[in-house]
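Read through the structure below, which is laid out as structure tokens, and then see the notes.
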Amino acid sequence: MNNYILSSIIFSYSLLITAFVYGVTNEKMRNNELSKEYLIYLGFILVIETVNHFLITILEIKNTHFLYPLYFAGEFLILMSLCFKELKATKKWKIIMGVVASYIFIETTVLWLFNHDASTGYAKIISHLIIICLVAILLIKYIKEVEKNDPRWFIYGALFLYYSISLFLFLLMSQLTEQNINIWIINNILSSLLYGSFIYTFYKLIKWRSK
């Protein structure tokens, strides 16, 4: 494996572990309703990444696309739950997003079963576009209320940046082959920025709630 991509993976994974452990070991973070959603998101990503790396490095399984249906649908549901709690969405919208999550899971499962590639459909595009739109609304909300010194806008800013560029890179990967390794390095850098924003926000929230 290329040294650059290996270094970017290790750095990103280290920040993910640090963010999750830092948040879950603090009682104030565990007991706060919104902070729990952040920890659930990080914990879910950590489990998926750990299983994926275990399958590839230990069991030497080259294709782990069978994890994609769970990953795409789970990631979508967790972030929708977070956004809907922030936006106080009605039950109708929760049902609609549940239907979308079911579509994402079914499409990626079917693609994996028949094509052995769960990433060739529209599920990831739809998922990312919805996430980007809702996170953008929350980001605008927190920027408008920046005088309250609520640091959570860092997380929504990082989520918006990550999913926007990630979607662009995903579309680009279907056209490029030789440069895909550079795209993966960029993706790992984006992941590092995202997990770093969680660490910073947790620090600020803990300090803020201690006053």
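Using Stokes-Einstein with the Kirkwood hydrodynamic radius over Cα pairs, what translational diffusion coefficient do you get for segment 22-81 at 25 °C and a viscosity of 0.890 mPa s, in µm²/s rounded to a whole number? Walk me through the intermediate numbers first.
Details: Rh = 12.8 Å.
The Stokes-Einstein estimate is 192 µm²/s.
Would you mind getting the accessible area per residue of the chain, heavy atoms of the protein chains only, 1.4 Å probe, in Å²?
Working: 11750 Å² over 211 residues.
Each residue of the chain exposes 56 Å² on average to a 1.4 Å probe.
Compute a Gaussian network model of the chain, connecting alpha carbons closer than 10 Å, and tell me which residue from Val47, Val100, Val24 fluctuates the most.
Sorting by GNM fluctuation, first place goes to Val47.
Looking only at Phe198, Phe160, Phe44, which one moves most when the chain is put into a Gaussian network model with springs between Cα atoms under 10 Å?
The residue with the greatest mean-square fluctuation here is Phe44.
In straight Cα distance, which aspartates and glutamates are under 12 Å from Lys85, not counting same-chain residues fewer than 8 positions off?
Leaving aside aspartates and glutamates fewer than 8 places away in the same chain, those within reach of Lys85 are Glu33, Glu37.
Just to be sure I understand: with springs between alpha-carbon atoms less than 10 Å apart, which residue in Thr25, Thr64, Thr120 has the highest mean-square fluctuation in the Gaussian network model of the chain?
Largest GNM mean-square fluctuation: Thr25.
How much of the accessible area of the chain, probe 1.4 Å, is carbon plus sulfur, in whole percent? Please report the intermediate quantities before stating the final value.
Details: 7930 of 11750 Å².
Using a 1.4 Å probe with all protein chains present, the chain comes out at 68 percent carbon and sulfur.
Could you list the residues of segment 10-52 with an amide nitrogen less than 16 Å from a label point located 7 Å from the Cα of Tyr200 in the Cα-to-C-beta direction?
15-16, 19
The values are calculated or read from the model by the stated rules, or taken from the named source; none is laboratory data. Keep in mind the model is a prediction, meaning the values are calculated, not measured. Glycine also receives a Cβ, built like all others from the backbone with ideal geometry; neighbour counts cover every protein chain displayed. When the accessible area is computed, the model is the full protein with side chains, heavy atoms only, and any ligands, DNA or RNA have been set aside. Shrake-Rupley method; radii C 1.70, N 1.55, O 1.52, S 1.80 Å.
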